[in-house]
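Below: the structure, in structure tokens.
Taken together, the values in this text are just the output of simple stated rules run on the coordinates, not laboratory data. Here the structure is a predicted model, which is why all the values come from computation and not from measurement. With ideal geometry, Cβ positions are generated from the backbone for all residues, glycine too; neighbour counts draw on all protein chains shown.
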Amino acid sequence: TSALHSLVCTNSTCVADTLTWNQVTYTGAFTARAGHTCTAVGGKLFFFGGGDGNRILNDLWVFDPETRVMTQPHVIGTAPAARCAHSTTLWDGKLLVFGGGDGNRRFKDLYLLDAEGLLKAAEQATL
């Protein structure tokens, strides 16, 4: 069966009941932001960068939908400069961050992070 198996119909308009917006509550110190990216990796969501209205950010956060906890992983190496309006994608287990800007400059740099490796390391640390 399809996820869209149940319809609610009123006045000739039918809407699948699985298409309902629900606000998700979570724990963690993640700040409000815009211009960030969100990428699905192994059942988790990776949020990178954006701006909070006062400053441009280059932080990385991981959201676990099962526990509804937002954590900031410890990552080594030089992180990309703070940026908004960049693009991020998952390729071969790696998170790729490209471009964007900080209000003064536009970037054409490309950064890679082994996102799947980061999740595996986090799982092993909790065993």
Please go through the range 93-127 and pick out each residue that is outside any loop (DSSP other than H, G, I, E, B), touching a residue at least 40 places away in the same chain (Cβ under 8 Å) and buried (at least 17 other Cβ atoms within 10 Å of the Cβ). Leu95, Val97, Leu113, Ala115, Leu118, Leu119
If you scan the range 98-120, which residues turn out to be of a type in the set (A, V, I, L, M, F, W, C) and more than 16 Å from the chain's Cα centre (by Cα)? Phe107, Leu110
Any idea which residue in the range 52-92 is surrounded by the fewest Cβ atoms within 10 Å (Cβ to Cβ), counting only those that are without any contact (Cβ under 8 Å) to a residue 40 or more places away in the chain and within 11 Å of Thr31 (Cα to Cα)? Gly53
